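Heads up: the structure comes next, in structure tokens.
The values are calculated or read from the model by the stated rules, or taken from the named source; none is laboratory data. None of the values given here were measured: they were computed from a predicted structure. Cβ atoms come from the backbone with ideal geometry, glycine included; neighbour counts cover every protein chain shown. The protein model used for the area step is the full one, side chains on, heavy atoms only, and it has no ligands, DNA or RNA in it. Shrake-Rupley method; radii C 1.70, N 1.55, O 1.52, S 1.80 Å.
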Amino acid sequence: MDTLSNLIEGFATALTPTHLVLAALGVLLGTAIGVLPGIGPAMAVALLLPLTYSMEPTGAFIMFAGIYYGGMFGGSTTSILLNTPGETAAVVTAIEGHPMARKGRGSQALAAAAIGHFIGGIIGTTLLVLLAPMVAKMAVNIGAPDFFAIMLLAFIAVTSVLGSSRLRGFASLAIGLAIGLVGLDPMTGQARLTFGSLHLADGIDVVVVAVGLFAVGEALWVAAHLRRTTGKPIPVGRPWLNRADLSRSWRPWLRGPVIGFPFGAVPAGGAEIPTFLSYVTEKRLSKHREEFGHGAIEGVAGPESTASASAAGTLTAMLTLGLPTTATAAVMLAAFQQYGIQPGPLLFQRESQLVWALIASLFVGTVLLLVLNLPMAPLWSKLLRIPRAYLYAGILFFASVGAYAVSGDVLDLVLLLVIGLLGFMMRRFGLPVLPAIIGVILGPNAEQQLRRALQISDGHLSGLVNTTFSVTVYAIIAVILLWPLIAKGITHTRAKTPESVR
């Protein structure tokens, strides 16, 4: 009953005219930016983050939530029309969505994606409402060793599932942890990696890091590979689904949240893995397997519902444990810190009004996403005609303005360029950006929890594994690290097993 009353109060806040306008603006901006190739919701939030300093926190986060959901849908639009995912969670959608569009069924693919996002978002957010308060209550009893173990799990899991190799993932994480060390030691006051600069004594603002790695790094990367041609969108008619399409789509829409929400809530890299699992599941369960690879609507409906529910699961982990499991959640965590708010077990007690308004706005944003985007699908396809030279020049301009707005110091612009060049080099050598962002944001907190745990145990390493919870988490970490060897051993054993025994 407390949860229901808190949610009703959240709707009372989220449904005010101002907050409704901000939610609609977030959905439109997120969709528009998500439609543009190479620009996802993480970059959108990173670019807009400095521009919201003058806004009150509740309104800012309502708009960020709209950008998050809108960006994910925008990514599916460009996947279907151009076979170019605007967001990583939409990669799987291109497998079936683009062949549908090439057959003249782009409107049906967009409709299946929009309704899938709506159903996945509603179910995922409902699970967030039901589970987040319980997770927060349990997390209150988690001590320093347990928190350090959870953060180590986040580091290991994210670096293990992203990028072309684990080594590149860990290299990216090391870069982020190094950036997070810049500044004064919180316990001893000793300067670290400041190179004698007083400006760096407070560390590098996470907003500058996020905007540099995402926006500037991406803009420089595109500029290095720029071709003076624009995409040719496939014409899109009025999105609609006939009875046969609905009968093939409703089951994947309902199965998606079952796969997406749990994966979004654990530190496993976001929606990429569950969307792929959803696609494989739908292919196995479909009565029209021969259509897969040639435009099966189930291959659009299932992954899109999964991606939307995964976003709700991601917010569950971020709000209750302070753990960002996707790039967008990492930037949103930076936004919380910008307002002096620390997500975690006590967030539901200290910032109850803000949290429940944010959760209620997820329901509102999901409805707005469906209402606004179904009729506007043809308009989004026209945005793809913007020359990339103009597009990324604008991104660099807004990134610079945003970085300068952090503290009004010209050195922040220099740091932005340096970190942007670092982001460019990371893309050049195949290093994923997300582990670096996770390292910057969680690194200082992980260091603090590690020191607390060691202080409690008088410096003995046994203090890190003195609870059942921490031992369980370390066991999961061991499985993640050793899984390639385990899988290889299983494959080798099966290969040696005689056919008669099998």
Breaking point among (1) in contact with a Ser or Thr (Cβ under 6 Å, 6 or more places away or on another chain); (2) surrounded by fewer than 23 Cβ atoms within 10 Å (Cβ to Cβ); (3) not acidic (Asp, Glu), for Thr314
(2)
Filter result (under 12 Å from Pro57 (Cβ atoms) and either within 21 Å of the chain's Cα centre (by Cα) or open to solvent by less than 10 Å² (accessible area, probe 1.4 Å) (or both)) within region 348-377:
Leu354, Val355, Ala357, Leu358
Sort out which residues of region 174-207 are at pLDDT 80 or above, within 16 Å of Leu411 (Cβ to Cβ) and among the β-branched types (Val, Ile, Thr), and write them in order of number.
Ile179, Val182, Thr194, Ile204
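For region 39-61, indicate whether the set of residues that are open to solvent by less than 30 Å² (accessible area, probe 1.4 Å), at pLDDT 75 or above, closer than 25 Å to Thr126 by Cβ and small (Gly, Ala, Ser) is non-empty. Outline the logic, then answer.
Looking only at region 39-61, we keep the residues that are open to solvent by less than 30 Å² (accessible area, probe 1.4 Å), and these are 39-47, 49-50, 52, 58-61.
This time we only want the ones that are at pLDDT 75 or above, so: 58-61.
Next, from what is left, pick out any that are closer than 25 Å to Thr126 by Cβ: 58-61.
Those left that are additionally small (Gly, Ala, Ser): 59-60.
Taking every residue of region 39-61 in turn, at least one turns out to be open to solvent by less than 30 Å² (accessible area, probe 1.4 Å), at pLDDT 75 or above, closer than 25 Å to Thr126 by Cβ and small (Gly, Ala, Ser).
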Does Ile204 satisfy the criteria of being open to solvent by less than 70 Å² (accessible area, probe 1.4 Å) and in contact with a strand residue (DSSP E or B) (Cβ under 8 Å, 6 or more places away or on another chain)?
yes
Pull up region 318-330, narrow it to residues that are part of a helix (DSSP H, G or I) and modelled with pLDDT under 80, then point me to the one that is farthest from the chain's Cα centre (by Cα).
Leu321
Looking at Pro257 and the list (1) at pLDDT 80 or above; (2) over 30 Å from Lys287 (Cα atoms); (3) in contact with a Ser or Thr (Cβ under 8 Å, 6 or more places away or on another chain), which single condition is not satisfied?
(2)
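Can you tell me which of Gly420, Gly394 is in a helix (DSSP H, G or I), open to solvent by less than 50 Å² (accessible area, probe 1.4 Å) and either closer than 21 Å to Thr159 by Cα or in contact (Cβ under 8 Å) with a residue 40 or more places away in the chain (or both)? It would help to see each step written out before you state the result.
Working: Gly394 fails: either closer than 21 Å to Thr159 by Cα or in contact (Cβ under 8 Å) with a residue 40 or more places away in the chain (or both).
That would be Gly420, the only listed residue that is in a helix (DSSP H, G or I), open to solvent by less than 50 Å² (accessible area, probe 1.4 Å) and either closer than 21 Å to Thr159 by Cα or in contact (Cβ under 8 Å) with a residue 40 or more places away in the chain (or both).
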Does Leu29 satisfy the criteria of being part of a helix (DSSP H, G or I), surrounded by fewer than 24 Cβ atoms within 10 Å (Cβ to Cβ) and modelled with pLDDT under 80?
no
When the residues of region 278-311 are filtered to those that are open to solvent by less than 10 Å² (accessible area, probe 1.4 Å) and of a type in the set (Val, Ile, Thr), which remaining residue is farthest from Leu370 (Cα to Cα)?
Ile297
Exactly one condition in (1) crowded, with 24+ Cβ neighbours inside 10 Å; (2) β-branched (Val, Ile, Thr); (3) within 23 Å of Gln108 (Cβ to Cβ) is false for Val331; which is it?
(3)
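When you scan region 392-399, do you find a residue that is among the aromatic types (Phe, Trp, Tyr), at pLDDT below 80 and farther than 16 Å from Phe118 by Cα, even just one? Walk me through how you get there before you give the answer.
Keep residues of region 392-399 that are among the aromatic types (Phe, Trp, Tyr), which gives 392, 397-398.
Going one step further and asking which of them are at pLDDT below 80, we end up with 392, 398.
With farther than 16 Å from Phe118 by Cα added as a condition, the list becomes 392, 398.
Checked against the condition, which is being among the aromatic types (Phe, Trp, Tyr), at pLDDT below 80 and farther than 16 Å from Phe118 by Cα, region 392-399 yields at least one hit.
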What number of residues in region 436-470 are open to solvent by 50 Å² or more (accessible area, probe 1.4 Å) and of a type in the set (S, T, N, Q)?
5
Subset of region 288-309, residues at pLDDT below 85 and part of a helix (DSSP H, G or I), comes to Arg289, Glu290, Glu291
